[in-house]
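Engineer: First the structure, then my questions, so here it is.
The values are calculated or read from the model by the stated rules, or taken from the named source; none is laboratory data. Computed from a predicted structure; not experimentally measured. Positions of Cβ are generated from backbone atoms using ideal geometry, with glycine treated the same way; all protein chains shown enter the neighbour counts.
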Amino acid sequence: MPLSTQSQPENDEYILIASLDNVRNLSNILKAISFKDHAIFNATQNGLKVTVEDSKCLQANAFIQADIFQEFTLKEDVVGFQVNLTVLLDCLTIFGGSTVPGVMTALKMCYNGYGYPLTLFLEEGGVVTVCKINTQEPEEPLDFDFCSTNVTNKVILQSDSLKEAFSELDMTSEILQLTMSPSHPYFRLSTFGNSGNAHYDYPKDSEMMELFQCTKTQTNRYKMSLLKPSTKALALSCKVSVRTDSRGFLSLQYLVRNDDGQICFVEYYCCPDEEADEE
Amino acid sequence: MDCVTTGGNVKVLAKAIHSLSKIGEELYLEPVEDGLTLRAVNSSRSAFACFLLSPLFFQRYQAPSDHAFRCKMPIKSMQAVFRSLSSLERSVEKCRIELNSEKNRLTVTLHCKHGLLKTHNLSFQDCESLQAVFDKENCANVLRAQPRSALLFESLYFFYQKLSITASFSDQCLFSLWPSLIDYTSPVCRLWVDTVLHFPPSLEEVNVSVNGERVWLRNHLEDDADPSRAMMTELCLSAEEFDHFAVRSESNITFCLKELRGLLVFAESSGLPVSMHFDEPGSPVVLSVSDSVLDANFVLATLSEDAHQRNHNNNKADRREAQPAADDFMSDDMDSYLIAMEASDLPGDLPGPSHESVPPVPHSSTNHRARLPSEEEEEEEEEQVNQPPNKKFCSLFFGSVLPASSQLTNQTIQGQEVLASDSDDEKQEE
């Protein structure tokens, strides 16, 4: 888009201004959901929600509350747009990884409404970079209709133990099977790969298990390719909540602490795999 | 079959498996009365490795009672179970391997901290027993050294690892290197290799020659390697560096180093002494590591004399070189060594005499006749058949092996015919 044909909007023409002293507080979390190119941004008074979807079966959301930003100004109730997340992340990390401790890149993100690009001002050590990224009409994110009343099984685990399991998952298996039950095996991740099958069992009384609320035995299968990206969010998080509802839909919620110790959330929703049972 | 390992032995078991994965793509597993054997062989049958874990290695060891059980599986399957050594060390408390005969699966269960249980049900194939034909006890030459101070074995690292070199040397060994890469760190009697050196891809073979007092290790260059562009490296180690140095006959063997990587890594981490048993060219070289509960043997085929005329000449040439060269080594003065080498009229030990900055090293694979550069050597080299290295190595063994006797790996089986031979050239006996 030729920028010169557009008049530069003044500060008070922006309908969204979000500023951060440390851009990593945004970029790190966005990396955890960057498995697809396009992301839907939705800003409300509460903060920023970024959504990425895959094949109509998987949805990832990152929540960055308003109070994480040094400045968060909204001129409308809801501001929404869609951008290329890969390009956005490239811009946010344009100064590269910060090798000097204490040196941070500051961000001011501005948007002045439908049809305008997303403008990023990034500054590090006195050097300022301005990026303008084209925006698109935001698509309506899928509604997985996952509400707490339908939740049949819920556990909260410390991420460390799941990290190990996820890093070792047999990638020759097309599906990841999740069994949650009030009785043995309580919480089990299973794979069925070329060399055989593997099971990871977490007992309900393990120290890693912070909460265990399973009402009925459920076994559901999910496509490995859909869930594998969630490993990034898992790596950033300290705790994860795993919930399934009566339809077998899966909700993974990750509690992430950013560089300043503030809490953000990432969640993944996944549909169960409908193919016929094997083995 | 039901074996349970606990504590640090789980990591040893994992290392044994990773070790074997450097040899071949399949893991042969056979529990016998004497312990659990884990074996692997490479595709050209020129390298074989066997780990025998005695019943004492396990907290509980129960071999199959009714009939002999043998299986093989892709080694990657087993490796996946023991993928991360550091997490094994941190979190695995117990490892159980049992045979589930109804479902025809080998079940490996890892009991980890915090109650986490990892269960792997691996499929396997039935197979014949895998056994190499070799006789360790009757080898003419035996060298043994601790891996830490084992210059021999660390120097083997030096050869195969793609590392550029930071090395220190003792007053008994000497390297020829790109001078800019040498960094003399300490006079301590150790070799230490810690950065990346690019060897030409064909350089996977090392030549080891011994006399009564010394061992020489040299890189073995391919016939068609251009001598002026090749880097020659030679290490000489004195008998004193070894815990045990018994050389009954001077010999000069060449073998593939790549497959040895697994054993070296295993030996270093276990801190156990490594023994090398060898004879004349053509007979396999056996490297082994053992302690009271574990016995590992890596058997590698060596270049046979028949395959190459020059090796024969080499033997003589090397022995001739050895005598005068020894004095030069003692002086511990690189300059005087350079002078000595240039002035010497030992036949043909200067493959690329145009490079004066690089001290020339005896090229073990060329036919030494005269101290003239390339032409003569090239002619000779052309005579040689251009074959990939593995084909020159004798196939070691195989076929069905008598399963009845307890198959400890250092038993000799005389007069066994090789049933499966995968190279047209194979006429030699093993």
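Engineer: Hey, any hits in the stretch A:208-228 for a residue that's within 14 Å of chain B (Cβ to nearest Cβ) and part of a loop (DSSP other than H, G, I, E, B)? Lay out the reasoning, then the answer.
Structural biologist: Within the stretch A:208-228, the subset within 14 Å of chain B (Cβ to nearest Cβ) is A:208-210, A:212.
Still in the running and part of a loop (DSSP other than H, G, I, E, B): A:208.
Checking the stretch A:208-228: at least one residue is within 14 Å of chain B (Cβ to nearest Cβ) and part of a loop (DSSP other than H, G, I, E, B).
Engineer: Could you figure out which of (1) within 14 Å of another protein chain (Cβ to nearest Cβ); (2) within 25 Å of B:A267 (Cβ to Cβ); (3) without any contact (Cβ under 8 Å) to a residue 40 or more places away in the chain isn't true of B:R105?
Structural biologist: It is condition (2) that B:R105 fails.
Engineer: Only one of (1) more than 16 Å from B:C127 (Cα to Cα); (2) surrounded by 22 or more Cβ atoms within 10 Å (Cβ to Cβ) is not met by B:L27, so which one is it?
Structural biologist: (1)
Engineer: Here is a follow-up. Any idea how many residues of the stretch A:130-144 are closer than 16 Å to A:L92 by Cβ, in contact with a Phe, Trp or Tyr (Cβ under 7 Å, 6 or more places away or on another chain) and either of a type in the set (G, A, S) or surrounded by 14 or more Cβ atoms within 10 Å (Cβ to Cβ) (or both)?
Structural biologist: Here the count works out to 1.
Engineer: Provide a single number: the residues in the stretch A:78-126 that are loosely packed, with under 14 Cβ neighbours inside 10 Å and among the aromatic types (F, W, Y).
Structural biologist: Within the stretch A:78-126, residues that are loosely packed, with under 14 Cβ neighbours inside 10 Å and among the aromatic types (F, W, Y) number 1.
Engineer: Suppose the filter is surrounded by fewer than 23 Cβ atoms within 10 Å (Cβ to Cβ), touching a residue at least 40 places away in the same chain (Cβ under 8 Å) and within 14 Å of another protein chain (Cβ to nearest Cβ); does B:L85 pass it? Even if it seems obvious, please write down each step before you answer.
Structural biologist: Numbers: surrounded by fewer than 23 Cβ atoms within 10 Å (Cβ to Cβ): yes; touching a residue at least 40 places away in the same chain (Cβ under 8 Å): yes; within 14 Å of another protein chain (Cβ to nearest Cβ): yes.
When the stated conditions are applied, B:L85 passes them.
Engineer: Determine which member of the set A:K216, A:K223 is among the basic types (K, R) and under 24 Å from A:F35 (Cβ atoms). Please lay out each step first, then the result.
Structural biologist: Details: A:K216 fails: under 24 Å from A:F35 (Cβ atoms).
After ruling out the rest, the residue left standing is A:K223.
Engineer: The conditions are (1) without any contact (Cβ under 8 Å) to a residue 60 or more places away in the chain; (2) of a type in the set (V, I, T); (3) under 30 Å from B:T109 (Cβ atoms); (4) surrounded by 18 or more Cβ atoms within 10 Å (Cβ to Cβ), and A:T172 fails exactly one of them. Which is it?
Structural biologist: Only one criterion in (1) without any contact (Cβ under 8 Å) to a residue 60 or more places away in the chain; (2) of a type in the set (V, I, T); (3) under 30 Å from B:T109 (Cβ atoms); (4) surrounded by 18 or more Cβ atoms within 10 Å (Cβ to Cβ) is unmet by A:T172, namely (4).
Engineer: Please tell me if A:D201 is out of contact with any Asp or Glu (no Cβ under 7 Å at 6 or more places or on another chain), within 14 Å of chain B (Cβ to nearest Cβ) and crowded, with 19+ Cβ neighbours inside 10 Å.
Structural biologist: Details: out of contact with any Asp or Glu (no Cβ under 7 Å at 6 or more places or on another chain): yes; within 14 Å of chain B (Cβ to nearest Cβ): yes; crowded, with 19+ Cβ neighbours inside 10 Å: yes.
Judged against the criteria, A:D201 is a match.
Engineer: Being surrounded by 17 or more Cβ atoms within 10 Å (Cβ to Cβ), over 16 Å from the mean Cα position of the chain (by Cα) and either of a type in the set (K, R) or not assigned by TED's automatic domain parsing to the domain that holds A:S251 (or both) is the filter here; which residues of the stretch A:215-232 pass it?
Structural biologist: Across the stretch A:215-232, the qualifying residues are A:R221, A:K223.
Engineer: Those residues that are surrounded by 20 or more Cβ atoms within 10 Å (Cβ to Cβ) and over 24 Å from A:C271 (Cβ atoms), I need them from the stretch A:30-73; list them, please.
Structural biologist: A:A43, A:L48, A:I64, A:I68, A:F69, A:F72
Engineer: Still on this structure: Does A:L178 satisfy the condition of being modelled with pLDDT of 95 or more and surrounded by 14 or more Cβ atoms within 10 Å (Cβ to Cβ)? Before the answer, list the steps.
Structural biologist: Numbers: modelled with pLDDT of 95 or more: yes; surrounded by 14 or more Cβ atoms within 10 Å (Cβ to Cβ): yes.
The answer is yes for A:L178.
Engineer: Collect the residues in the stretch A:142-198 that are more than 14 Å from chain B (Cβ to nearest Cβ), in a strand (DSSP E or B) and touching an Asp or Glu at 6+ places or on another chain (Cβ under 8 Å), keeping them in residue-number order. Steps first, please.
Structural biologist: Going through the stretch A:142-198, the residues more than 14 Å from chain B (Cβ to nearest Cβ) turn out to be A:142-154, A:156, A:174-176, A:178, A:180-183.
Pick out the ones that are also in a strand (DSSP E or B) and you get A:151-154, A:156, A:175-176, A:178, A:180.
Correct list: A:V151, A:T152, A:I156, A:I175.
Engineer: Condition first: over 17 Å from the mean Cα position of the chain (by Cα) and of a type in the set (V, I, T). Now tell me which residues in the stretch A:233-279 satisfy that.
Structural biologist: A:T244
Engineer: Sort out which residues of the stretch B:120-134 are in contact with a Cys (Cβ under 7 Å, 6 or more places away or on another chain), among the hydrophobic types (A, V, I, L, M, F, W, C) and within 14 Å of chain A (Cβ to nearest Cβ), and write them in order of number. Spell out the reasoning first.
Structural biologist: Step one: filter the stretch B:120-134 for residues in contact with a Cys (Cβ under 7 Å, 6 or more places away or on another chain), giving B:124-127.
Still in the list and also among the hydrophobic types (A, V, I, L, M, F, W, C): B:124, B:127.
Scanning the stretch B:120-134 gives a single hit, B:F124.
Engineer: A further question on this structure: Residue check: is A:S167 hydroxyl-bearing (S, T, Y), surrounded by fewer than 20 Cβ atoms within 10 Å (Cβ to Cβ) and modelled with pLDDT under 95? Reasoning before the result, please.
Structural biologist: On the way: hydroxyl-bearing (S, T, Y): yes; surrounded by fewer than 20 Cβ atoms within 10 Å (Cβ to Cβ): yes; modelled with pLDDT under 95: yes.
When the stated conditions are applied, A:S167 passes them.
Engineer: Evaluate the following for B:F69: is it more than 14 Å from chain A (Cβ to nearest Cβ) and of a type in the set (F, W, Y)? Break it down stepwise before answering.
Structural biologist: On the way: more than 14 Å from chain A (Cβ to nearest Cβ): yes; of a type in the set (F, W, Y): yes.
In short, yes.
Engineer: Can you tell me how many residues in the stretch A:242-279 are of a type in the set (G, A, S) and under 20 Å from A:L142 (Cβ atoms)? Spell out how you get there, then give the answer.
Structural biologist: From the stretch A:242-279, those of a type in the set (G, A, S) are A:246, A:248, A:251, A:261, A:276; that's our starting set.
Filter once more, keeping what is under 20 Å from A:L142 (Cβ atoms): A:246, A:248, A:251.
Selection size over the stretch A:242-279: 3.
Engineer: Given the conditions (1) closer than 20 Å to B:L27 by Cβ; (2) within 11 Å of another protein chain (Cβ to nearest Cβ); (3) surrounded by 15 or more Cβ atoms within 10 Å (Cβ to Cβ); (4) in contact with a Ser or Thr (Cβ under 7 Å, 6 or more places away or on another chain), and given that B:L117 satisfies all but one, which numbered condition is not satisfied?
Structural biologist: Against the list (1) closer than 20 Å to B:L27 by Cβ; (2) within 11 Å of another protein chain (Cβ to nearest Cβ); (3) surrounded by 15 or more Cβ atoms within 10 Å (Cβ to Cβ); (4) in contact with a Ser or Thr (Cβ under 7 Å, 6 or more places away or on another chain), B:L117 comes up short only on (1).
Engineer: Being of a type in the set (D, E), more than 27 Å from A:D54 (Cβ to Cβ) and without any contact (Cβ under 8 Å) to a residue 24 or more places away in the chain is the filter here; which residues of the stretch A:76-124 pass it? Full working, then the answer.
Structural biologist: Of the stretch A:76-124, the ones of a type in the set (D, E) are A:76-77, A:90, A:123-124.
Narrowing further to those that are more than 27 Å from A:D54 (Cβ to Cβ): A:76-77, A:123-124.
Scanning the stretch A:76-124 gives a single hit, A:E123.
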